[in-house]
Amino acid sequence: MITLSREEIVRLCERVEGAQTRAYAIPKLTDEYPEMTMDDGYAVQTELRKRFIAQGHTLVGWKAGLTSRAKMQQMGVDVPSIGFLTDRMARPENSVISVSDLVHPRVECEIAFVTAKQLSGPDCTAQQVLDATDYILPAIEVIDSRYSGFKFDLESVVADNGSSARFVGGGRARYPAELDIPTLGVVMEKNGEIVGMGAAAEVLGHPAEAVAMLVNILHDLGETLPSGSFVMSGGITAAVAVQPGDHINARFQELGSISIRFAE
Ligand code: OOG
Ligand code: MG
């Protein structure tokens, strides 16, 4: 249920937009609105998406978040969420990502899906997702909560577009039917040391389940997932903080690896 007024939604959207575009931390929105609901959070996120599109950003896909036990434990929440992805957030493989326009970035290893058919809720299943998938590929997501101390609740993080900041797709694209996706392993290295590892099954048993969940949340928002969407299924392991000078290498079984560097 949406409890915020139209004016409050616009005001909170402007607050989040300011923090995102000028890279400063703000108190979580529930400090001011303790009664805020998840629907309120999505109403603010939708306002932000419409605002960015009106400014000329292109919607390229969506991301599921908080879909693994490691992520839920790290952030202290128990329900997954979704956020939108635009062309402005995309960075190429092997690129140097600037942190001066981010608050306190962290990186995650994820499996991404590229769709070849439209998907819609309310009862979208993992099998429907796999049938609609063109290919999967590995991704690194750079998340950046705009909330002080990277501390938030679900309502606030949804309003902040699931901490979306940058993303890098790369490695080797593969057809899902050729792989046993849940058993695919990933190892994340920071400056040559292993800082996280896990298997894709950490994401709701199968990352396609996370995409199905995302499609069903989209249905609640009155949206569908168009063919040609890029969808990230959520961090497999806990997110790792990065700073200028850091080098991240994500090595995925069967899907190749992705490297990025961070600079001031
Ligand atoms: C929320 C975003 C979570 C993921 O992959 O779980 C996310 C956050 O942890 O800031 O992107
Ligand atoms: Mg993520």
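Of note:
- Lone unmet requirement of (1) at positive phi; (2) within 16 Å of ligand 1 (Cβ to nearest atom) for A139: (1)
- Scan region 1-51 for residues that are surrounded by fewer than 17 Cβ atoms within 10 Å (Cβ to Cβ), among the basic types (K, R) and in contact (Cβ under 8 Å) with a residue 60 or more places away in the chain and the total you get is 0.
- Selection count where residues are hydrophobic (A, V, I, L, M, F, W, C) and open to solvent by 20 Å² or more (accessible area, probe 1.4 Å), scope region 78-98: 3
- Candidates P122, P182, filtered to the one that is of a type outside the set (D, E) and touching a strand residue (DSSP E or B) at 6+ places or on another chain (Cβ under 8 Å): P182
- In region 52-67, the residues that are within 16 Å of ligand 2 (Cβ to nearest atom) and either part of a loop (DSSP other than H, G, I, E, B) or open to solvent by 40 Å² or more (accessible area, probe 1.4 Å) (or both): V60, L66, T67
- A search for C-beta distances below 8 Å between a residue of region 139-165 that is open to solvent by 10 Å² or more (accessible area, probe 1.4 Å) and away from ligand 2 (no atom under 16 Å from the Cβ) and any residue that is in a strand (DSSP E or B) and at pLDDT 95 or above, counting only pairs 6+ apart in sequence or on different chains, returns S148/I26.
- Matching residues, region 144-167, being within 9 Å of ligand 1 (Cβ to nearest atom), farther than 20 Å from L4 by Cβ and aromatic (F, W, Y): F150
The values are calculated or read from the model by the stated rules, or taken from the named source; none is laboratory data. It should be emphasised that the depicted structure is a prediction, and the values quoted were computed from it without experimental measurement. Reconstructed Cβ throughout: ideal geometry from the backbone, glycine too, with neighbour counts over all protein chains shown. Each accessible area value is taken on the protein alone, full model and side chains, heavy atoms only, with ligands, DNA and RNA left out. Shrake-Rupley method; radii C 1.70, N 1.55, O 1.52, S 1.80 Å.
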